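Written below as structure tokens is the structure these notes are about.
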Amino acid sequence: MLLTTIVLPNTGVRVSLPLYRMVLNSNRIKNGRGVLPDIEVRPSSAYIKGNIDAKLEKALEIIRIKTSAAKN
């Protein structure tokens, strides 16, 4: 894929931009969804109020379960 890099004049930040869009399967039905997750973590008002990252907590839970299973 060809990328061009530009430098923003005021900040000096470098940004890479693709020169074209790649379409893998143009015949596929467009349903407005991207890749569906293997494990869904829904937002909850309790997590939001508690400033808790539900996705991070779920990932850590999975890691703990797999680590404890590997030890046994």
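The values are calculated or read from the model by the stated rules, or taken from the named source; none is laboratory data. From a predicted model like this one, the values you see are computed outputs, not experimental measurements. Because the Cβ atoms are built from the backbone with ideal geometry, glycine has one as well, and the counts that use them run over all protein chains shown. We work out accessible area using only protein heavy atoms, side chains counted, and drop any ligands, DNA or RNA first. Shrake-Rupley method; radii C 1.70, N 1.55, O 1.52, S 1.80 Å.
Tabulated data
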item: Surface accessible to a 1.4 Å probe, TYR20 within the full protein complex, Å²; result: 100
item: Heavy-atom accessible area per residue - the chain, 1.4 Å, Å²; result: 100
item: Dimensions in Å of the chain - Rg and Dmax from alpha carbons; result: 20.5, 57
item: Förster radius 25 Å - calculated FRET efficiency between ARG33 and LYS58, Cβ distance, rounded to 0.05; result: 0.80
item: Residue-level accessible surface for ILE63, protein heavy atoms, 1.4 Å, Å²; result: 100
item: 10 Å Cβ shell holding at most 11 others, DSSP loop, trypsin sites (Lys or Arg not before Pro): longest site-free stretch of the chain; result: 34-72
item: Per-residue SASA entry for LEU17, accessible area with 1.4 Å probe, Å² rounded to 10; result: 70
